[in-house]
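Heads up, the thing below is written out as structure tokens.
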Amino acid sequence: MQLKYEKMDRNAPCWCGSGRKYKHCHEAFDEKIRTFELKGALVPDRSLIKTEKDMEGIRKSAVINIAVLDEVADRIRVGMTTQEIDDIVYNTTVKMGGIPADLHYEGYPKSVCTSINDQVCHGIPSDDIVLQDGDIINVDCSTILNGYFSDSSRMFCIGDVSPENRKLVEVTKECVDIGLEHVKPWTFLGDMGHAVHQHALDNGYTVVKEIGGHGCGLEFHEDPYVSYVSRPGTEMLMVPGMCFTIEPMVNMGSDEIFQDEDDGWGIYTADGKPSAQWEIQVLVTETGHELITY
Ligand SMILES: [Zn+2]
């Protein structure tokens, strides 16, 4: 069996680019991963382990992403069109020196995704979509700065939102917070995903299976795929330097979804009931985690 973490020449320069000898740099780290790999665990490629330079670049990108969502939070209101949200995202991102990662991504026409009520994700902003009193909306934004990617999304309650819908929004935020608590090195993404799923189930909700989180940092979407319907002890081993998103889509009704065939992007709940999503980006550290975006 070919291991990703085969033994290396101990006196050779470390693979991480630090310039130090392997035995003084990542040897012990690699040994630890190898023990999991030998037991059959799914372990990350070295390309998914961020260097200090990468982490610095991702953090700077994240400063913009957070500021953009803060700006949306300040200005979002009843009667606003989702195109106006798109304008805020584009203008704030560019003013701060970044590029909206969504724009032109696989042909996507706008700078942000705005998904309202039964729209699960990937809603395209439009002059024709006006925020109504009682709507719940997810605003999902992503930034490129100097080649580094950041990504997060928040829910906003517009005007007078029903208690049922408000609870969905709040519980979904709790799911993300619980997921974050479960990000620690040498445990599994499945441990985290299971905890997220369980909190949704405990509140009578379901979690979308087909769409999940992703590695993020040097590219918009990197490995691993991050599921929130996973079992403990499964999925990829979390090791220091991995960076990924926690972004469960929590449905009030069934977990079934469908894609809008007209625009090719929008995802909706099959039963027409509301869905909520919050997204953070997190870095696995030696002792636990660092919150990168929110
Ligand atoms: Zn190294």
| query | So, in nm, how far is label T51 from label N146 when the simple model puts each one 7 Å beyond its Cα toward the Cβ? | reply | 1.3 nm
| said: Using the Karplus curve 6.51 cos²θ - 1.76 cosθ + 1.60 with θ = phi - 60°, what ³J(HN,Hα) values do you get for each residue of region 126-139, in whole Hz, with x for Gly and Pro? | reply: 7, 5, 8, 9, 10, 5, 9, 4, x, 5, 10, 9, 9, 10
| task | Output the relative contact order of the chain, whole-number percent, from Cα pairs under 8 angstrom with separation of 6+ residues. | result | 19 percent
| query | Relative to the longest principal axis of the chain, what angle (0 to 90°, nearest 10) does the C-alpha long axis of helix 189-202 take? | reply | 30 degrees
| request: Amide H neighbours of W265 under 5 Å, at least 5 residues apart or on other chains, H built in the peptide plane: list them. | output: D260
| Between K7 and V78, what length in nm is gained on full extension when 0.36 nm per residue of separation is reduced by their alpha carbon distance? | 19.6 nm
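Based solely on its DSSP helices, what 222 nm [θ] is calculated for the chain when runs of n ≥ 4 H residues each add -39,500 (n - 2.57) and the sum is averaged over all residues, nearest 500 deg cm²/dmol?
On the way: 5 runs with 83 residues, N = 294.
Helix contribution divided over all residues of the chain: -9500 deg cm²/dmol.
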| note | Of all GluC sites (Glu not before Pro) in region 1-102, the ones in DSSP coil with at most 13 other Cβ atoms within 10 Å are E6
| Kirkwood hydrodynamic radius of the chain, Cα pairs, Å | 19.8 Å
| field | Residue among K209, K50, K21 with the largest mean-square fluctuation in a Gaussian network model of the chain, springs linking Cα atoms under 10 Å | value | K21
| Carbon + sulfur, % of accessible area of the chain - ligands and nucleic acids excluded, 1.4 Å | 51 percent
| field | Virtual spin-label span in nm between K95 and E174, 7 Å along Cα→Cβ | value | 3.7 nm
| task | Calculate how steeply helix 163-181 sits against the longest principal axis of the alpha-carbon atoms of the chain, using the helix alpha-carbon long axis, and give the answer as 0 to 90 degrees to the nearest 10. | result | 10 degrees
| What are the ³J(HN,Hα) values, in whole Hz, obtained from phi via the Karplus relation 6.51 cos²θ - 1.76 cosθ + 1.60 with θ = phi - 60°, for each residue of region 216-233 in sequence order, with x given for Gly and Pro? | 7, x, 8, 9, 5, 10, 10, 5, x, 6, 10, 8, 10, 10, 9, 9, x, x
| So how far apart, in nm, are the two label points at K21 and E286 if each is 7 Å from Cα heading toward Cβ? | 2.1 nm
| said: Mean-square fluctuation check for the chain, GNM, Cα pairs under 10 Å: which of D177, D263, D86 is largest? | reply: D263
| Cross-link pairs K7/K39; K4/K39; K95/K173; K50/K184; K4/K50; K167/K273 - those with Cα-Cα distance over 18 Å | K95/K173
| said: For region 1-54 and region 212-247, what is the centre-to-centre distance using only Cα atoms, to the nearest Å? | reply: 19 Å
| said: Can you give me the angle between helix 27-38 and the longest principal axis of the chain, using Cα atoms only, in degrees from 0 to 90, rounded to the nearest 10? | reply: 70 degrees
| query | Which of G215, G233, G57 moves most in a GNM of the chain, Cα contacts under 10 Å? | reply | G233
| query | Once amide H atoms are built 1.01 Å from N in the peptide plane, which residues 5 or more positions from H214, or in another chain, come under 5 Å H to H? | reply | V226, T245
| note | Between M236 and residues 5 or more places away or on another chain, the pairs with built amide H atoms under 5 Å apart involve L189, G190
| field | Part-to-part distance (alpha-carbon centres) for region 74-128 and region 177-193, which is given in Å | value | 30 Å
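The values are calculated or read from the model by the stated rules, or taken from the named source; none is laboratory data. Small disclaimer: the values here were computed from a predicted structure and weren't measured. Cβ: placed from backbone, ideal geometry, glycine included. Neighbour counts: every protein chain shown. When the accessible area is computed, the model is the full protein with side chains, heavy atoms only, and any ligands, DNA or RNA have been set aside. Shrake-Rupley method; radii C 1.70, N 1.55, O 1.52, S 1.80 Å.
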